[in-house]
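One structure is given below, encoded as structure tokens.
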Amino acid sequence: MGPVPPAHYRCSACGNLTRFDVVTDRRTRAFHHYSVGGELVVEEEQILSQEVVEVSCRWCGHGRAVEILPVAAEETAR
Ligand SMILES: [Zn+2]
């Protein structure tokens, strides 16, 4: 499974396209590599699944007017 392409959002209340608070549930698998001294290095982190739970506009303070814009990958696939 590859990484999920980031979505684009628009707030139709204020026209904001660039500032959002996004809450995501993400499940990952990573290689935890401990040194002899016990220090942890996290390597090879893989996103197994992720789901956007909530998107809110930074300016309005809520997500009631936030729309998800069509993903560009769909357009280039044709
Ligand atoms: Zn807004």
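The values are calculated or read from the model by the stated rules, or taken from the named source; none is laboratory data. The structure presented is a predicted model; accordingly, all values stated were derived computationally and were not measured. FYI the Cβ positions are ideal-geometry reconstructions off the backbone, even for glycines, and counts take in every protein chain you see. Side chains included, ligands, DNA and RNA excluded: accessible areas come from the protein's heavy atoms. Shrake-Rupley method; radii C 1.70, N 1.55, O 1.52, S 1.80 Å.
General observations
- Of all residue pairs spaced 6 or more apart or on separate chains, those with beta-carbon atoms under 6 Å, a first member in the range 44-59 that is free of Cβ contacts under 8 Å to residues at least 24 places away in the same chain and open to solvent by 60 Å² or more (accessible area, probe 1.4 Å) and a second member that is hydrophobic (A, V, I, L, M, F, W, C) and assigned to a strand (DSSP E or B) are GLU44/PHE31; GLU45/ALA30.
- Selection of the range 15-38 for residues being among the polar types (S, T, N, Q) and surrounded by fewer than 11 Cβ atoms within 10 Å (Cβ to Cβ) yields THR18, SER35.
- Number of the condition not met by ARG19 [criteria: (1) on the phi < 0 side of the Ramachandran plot; (2) without any contact (Cβ under 8 Å) to a residue 40 or more places away in the chain]: (2)
- Which numbered condition VAL71 fails, given (1) surrounded by 13 or more Cβ atoms within 10 Å (Cβ to Cβ); (2) in contact with a strand residue (DSSP E or B) (Cβ under 6 Å, 6 or more places away or on another chain): (2)
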